[in-house]
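Accompanying notes for the structure given below.
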C-alpha cells in the first residue's frame, strides 16, 4: 500500500509540474524593427487610475519598462533613476511607463513613497508582459523580467534592453537617444524624494 501511495504522489507531482510549466516558461523577447503589440489597460498616476492604450500614444516615443515588484531594492532604484531623469524625458516629449503585476494600491503606495512622476501600468494577469516576453522572469514567483523597450512614434520597437542595471538604466536610455543634458524647463512634477537605501537588487 505504501508503494502504491508513493507512486500516486509521484504521478500527482509530475502532473502538477507539466500543468504549470507553460505558465512558468519565459516568452521570447521582441526584436528591434518589430511592431509593438497593442495593449489596453489602466495606469496609475498619483492617486488616479485611468484607462490607457498604446494607440493613445501614437506619434510619441514610449519607454516601456517591465520590472518585478514595487518597493523592492532594485525596482526602487530603477524607478528613482527614471524619476531623477524625468525632466529630460518630458522635455524631449518621451513617454515613460513602468509595468509590473502589482495591484493599483501597491502602485499608489510606491508612487507616493518615492514621488514617482510617471504612470505605472496595471497588468495583474500578465497579458502585456506575455506579449512583450517579460512574463515569468522569476518563475518561482511569477514576477516580470526586468527589460525595457523603446517604441518609436510609428509603433515600431526601436531598441530593446534585455539586461538592465537599475541604478543607471534611465541615463543609458537618455544617452542612446541623444537627449540633451540641460532640457528646457518642463512642468514640475514635484521635488524628487530621497533616494532609496542601497541594497541587493531585485
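Each DSSP beta bridge with both residues in segment 41-172 is either parallel or antiparallel, and the antiparallel ones are about 70%.
Counting every other Cβ atom within 10 Å of each residue's Cβ, 104, 170 order from fewest to most as 104, 170.
Put in line by how crowded their Cβ is, counting other Cβ atoms within 10 Å and starting with the fewest, 158, 105, 28 read 28, 105, 158. From least to most packed, judged by other beta carbons within 10 angstrom and beginning with the fewest, 58, 107, 42 follow the order 58, 42, 107. If I take R0 = 30 Å and measure r between the Cβ atoms of residue 60 and residue 138 in this structure, what FRET efficiency does the formula 1/(1 + (r/R0)^6) give, to the nearest 0.05? The pair residue 60/residue 138 has a calculated efficiency of 0.45.
Values quoted throughout were computed directly from the atomic coordinates according to the rules given, and no laboratory measurement underlies them. Since this is a predicted model, take the numbers as computed values, not measurements. Ideal geometry is used to build each Cβ from the backbone, glycine not excepted, and the neighbour counts take in all protein chains shown.
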